[in-house]
Structures are given as structure tokens and as C-alpha cells.
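Novice: Structure provided below as C-alpha cells; questions to follow.
The values are calculated or read from the model by the stated rules, or taken from the named source; none is laboratory data. Quick caveat, the model's predicted, so the values are computed rather than measured. We place every Cβ from the backbone using ideal geometry, glycine too, and count neighbours over all the protein chains shown. Please note that ligands, DNA and RNA were not included when accessible areas were found on the heavy atoms of the full protein model with its side chains. Shrake-Rupley method; radii C 1.70, N 1.55, O 1.52, S 1.80 Å.
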Amino acid sequence: MAPIDPHSFTDSTHPLTTHIHLSFYFDFPSSTIHSSALLSLFSPHSGPFFLDTRSLTVHSVLDPQTRNPLAYSLSEPDPIKGRNLVVSLSNHSSVLVVYSTTPASSALQWLNPPQTFNKTSPFVYTQCQSIHARAVFPCQDTPAARICYSARMNIPRQLSAVMSARHVDRRPPVAGEGAALPCGDALWCAEGRLVEEFVMEQPIPPYLFAFAVGELGFRDVGPRTRVYSESAPAVLEGAAAEFAGTEDMIRQGERLFGDYEWERFDLLVLPPSFPYGGMENPRMVFLTPTVIKGDASGAQVVAHELAHSWTGNLITNKTNEHCWLNEVLQLHPNCFLGTLCDNLLVLDCLWLIDKFNFKGNLHVLS
């Protein structure tokens with residue numbers, strides 16, 4: 001046995017996960033998500049199977065076909081990697097983990113109403129880069145394990161959800177959907193709740209998994225771009241004006257690198273507590289409100305995140321040890337997408353990758 005990634009418990013002899021179906025019940029008063037994760041594996045496996053977790057309360061691990069319990073154990077916490085969830089499989093090609101997040105989750109930022117713009121509703125968002133997806137759901141939390149996923153998100157009716165995935169439906173809860181969850185079906189189907197459904201059909205590294213739930217509004221700024229933020233006209237109108245030229249940048253990127261593969265390039269302006277300038281989640285880029293300058297100069301951050309749609313999201317560092325490779329072609333966003341495109345810088349970056357033989361550490365979407 002040997003680890004694939006020094007920052008993950010994932011074992012090189014174990015089959016990789018290909019798809020995860022997630023059910024989430026958001027309990028804002030306790031800053032907790034009651035959840036289940038159905039993991040489908042590339043091939044059947046017998047013996048111990050390793051999953052990364054951090055700050056998760058595991059309630060049970062089940063055979064999805066029979067609902068019989070599977071033996072499992074959790075390692076002692078590692079200060080970097082979290083805890084290894086070791087499940088005993090016997091020719092299984094899927095496994096169901098029933099669990100809850102905790103307020104200590106390193107990937108989840110819970111905001112009380114006074115911390116939001118309108119100060120009327122709570123808000124939660126994720127930041128999974130680089131190794132924090134394991135604090136939202138058990139997974140092989142390494143870029144070497146690209147996954148597709150689907151999700152049901154049970155939220156208060158007055159709120160909305162967005163995800164780095166295609167939105168499928170917004171509907172009432174269905175009896176039976178929450179029966180296996182820690183919250184139970186009574187809470188899942190309680191009055192004042194609804195379900196948002198999403199699907200991501202392109203395999204992504206786990207660090208690109210993202211969602212946000214809150215009192216959201218939106219403005220369309222192009223055929224492929226919708227700007228979301230808290231439902232406050234001042235924020236929405238400012239963001240829509242700042243990022244009005246996004247479609248032109250997408251077209252410039254397509255001229256340089258080929259078709260934009262992710263269908264949508266939507267933007268979410270988060271509350272000020274978001275700790276980065278931007279995060280390149282596919283289909284739904286996360287942005288700090290500090291990029292709204294009033295003169296469109298904040299679009300430089302959008303250009304940088306858009307460039308990641310090709311270098312980073314399609315072509316990814318194979319392990320978290322080399323996550324810096326995702327940024328090596330982002331040294332100057334205008335070299336890709338600005339009006340004064342300096343292709344010499346692109347060539348310099350490609351020369352560095354070739355000279356130092358970094359190609360083996362890049363993982364290409366196929």
C-alpha cells in the first residue's frame with residue numbers, strides 16, 4: 001500500500017471514486033449539515049478502503065444495495081490530513097456513508113444574519129481548496145481522484161442555493177428522501193423547507209466542489225454569465241456593472257485555448273468574510289465584494305479565474321504537493337484575456353513546464 005498524495009489517505013491500490021451522490025439537510029441554528037454520501041467506485045474492491053475526513057461525525061456506513069452495516073473505523077486525527085475513515089468492503093463497487101458536519105468544519109463558513117448585507121437571513125458557503133472537501137463529505141481528497149457528483153440540498157424556503165454544478169430543480173421535499181439521514185424524514189419534509197437539486201457531469205478534483213446558501217439575487221450580464229450576490233440592489237447592480245464585459249473575455253479565451261467546456265461561467269459575489277480575491281469553481285466562480293471597484297478594474301480578477309477554466313480545471317496538478325502548478329500560467333491574467341495579450345509570457349510559462357519536466361504532475365480531464 002502506498003499513498004497517492006502526501007496530503008491524503010487515498011491508497012494507490014484502491015479504486016478511485018467516479019461519482020458521489022450527496023444529500024444535505026442544512027441546520028443553520030447548529031451550523032451543521034446532516035448528510036449522506038453515496039460513493040461509486042471505478043471497480044469492485046475487497047478489503048480496507050480509505051477515505052479522507054475532517055471534523056465529520058460518522059453515524060453509519062452501509063451497503064447501498066442491502067442497507068446492511070459495513071464495518072468501519074476512524075484513525076486518530078492527523079493535524080494536516082484529518083482522520084482516515086477505513087471501511088471494510090467485500091467486492092463492493094459502492095458505499096453509503098451517513099454523517100453530519102460539525103461547526104469545526106474547515107471548509108464551511110457559517111454567517112449569522114447580522115454578518116450579512118441585509119441582516120435578515122443566515123448564509124453559508126464553502127472553500128474546499130486545497131484539502132478541505134473532506135470536511136464536507138468523505139472522499140479521496142486529492143486532485144488525482146476526479147469525480148462527478150449530484151446533490152440534493154434541503155434548505156429553508158426563503159433561501160436559495162448555488163453550486164459549482166448545473167441546477168436541475170427547486171421543489172418540495174419528497175417523503176422518504178430523508179429517512180436514512182441523521183435528521184430523519186420528519187425534519188426533511190417539515191413545513192418551510194424545500195430541495196434544490198444539482199448535477200456535475202464533468203469530473204472535477206474535489207477541491208473544486210463548492211456551494212453557497214443564503215438570501216440570493218442575480219442579474220444576467222451575458223449569454224453564459226449570471227452574477228449572483230446577496231439580494232441587495234446596491235451589491236447586485238454594482239457587480240453587474242463591474243463584470244459586464246465577461247462574455248468578451250470568454251470569447252478571447254476560446255480564441256486562445258479552444259472551446260469553453262463548462263457551459264456556464266456564473267459569478268457569485270460573497271460576503272466580505274470570503275478569504276480570497278476569487279476561487280475558480282467551475283460554472284460558479286466565487287468572488288470577494290472588494291473586487292467591485294466601480295470602474296470595471298475588478299474584472300482582472302474574473303479574467304484570472306476564467307483562465308483557470310482551462311489551466312487548473314481542465315488540466316490539474318496531480319497531487320496537492322504541486323498545487324502551485326495551477327497558478328504558473330496565471331502569472332498575469334492579461335497575458336491570456338486582456339486587451340493587450342502578451343503571448344510571449346504564455347510561451348515562457350510553457351517553457352518552464354517543459355524544462356523542469358512538470359508534465360508528469362499535471363492531470364488532464366479526459
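Novice: Give the residue that is modelled with the lowest pLDDT, with candidates limited to residues of region 1-20 that are part of a loop (DSSP other than H, G, I, E, B) and open to solvent by 60 Å² or more (accessible area, probe 1.4 Å).
Specialist: So, considering only residues that are part of a loop (DSSP other than H, G, I, E, B) and open to solvent by 60 Å² or more (accessible area, probe 1.4 Å), the one modelled with the lowest pLDDT is Met1.
Novice: With the requirement that a residue be closer than 17 Å to Pro103 by Cα and open to solvent by 40 Å² or more (accessible area, probe 1.4 Å), what does region 120-143 give you?
Specialist: Passing the criteria: only His132.
Novice: Of the residues in region 27-44, how many are open to solvent by 30 Å² or more (accessible area, probe 1.4 Å) and in contact with a Leu (Cβ under 6 Å, 6 or more places away or on another chain)?
Specialist: 3
Novice: A further question on this structure: Do you know which residues across region 44-58 are within 21 Å of Ser150 (Cβ to Cβ) and either free of Cβ contacts under 8 Å to residues at least 24 places away in the same chain or touching a Pro at 6+ places or on another chain (Cβ under 6 Å) (or both)?
Specialist: Residues satisfying the conditions are Leu51, Thr53.
Novice: Return the residues of region 105-119 that are touching a residue at least 12 places away in the same chain (Cβ under 8 Å), open to solvent by 90 Å² or more (accessible area, probe 1.4 Å) and more than 17 Å from Phe286 (Cα to Cα); say none if nothing qualifies.
Specialist: Residue satisfying the conditions is Gln115 alone.
Novice: Give Thr13, Thr66, Thr18 a once-over and let me know the one that is touching a residue at least 24 places away in the same chain (Cβ under 8 Å) and out of contact with any helix residue (DSSP H, G or I) (no Cβ under 8 Å at 6 or more places or on another chain).
Specialist: Thr18
Novice: Further, regarding this structure: Condition test on Ser23, is it open to solvent by less than 40 Å² (accessible area, probe 1.4 Å) and either closer than 27 Å to Leu111 by Cα or not charged (D, E, K, R) (or both)?
Specialist: Yes, satisfied.
Novice: Glu197 is checked against (1) of a type outside the set (A, V, I, L, M); (2) closer than 21 Å to Thr126 by Cα; (3) touching a Phe, Trp or Tyr at 6+ places or on another chain (Cβ under 7 Å) and fails just one. What number does that condition carry?
Specialist: Result: Glu197 fails condition (3) only.
Novice: Please work out which one of (1) in contact with a strand residue (DSSP E or B) (Cβ under 8 Å, 6 or more places away or on another chain); (2) buried (at least 22 other Cβ atoms within 10 Å of the Cβ) is the condition Arg146 fails and give its number.
Specialist: Result: Arg146 passes all but (2).
Novice: Within region 284-305, work out how many residues are closer than 30 Å to Thr10 by Cα and either touching a residue at least 24 places away in the same chain (Cβ under 8 Å) or of a type in the set (Phe, Trp, Tyr) (or both).
Specialist: 3
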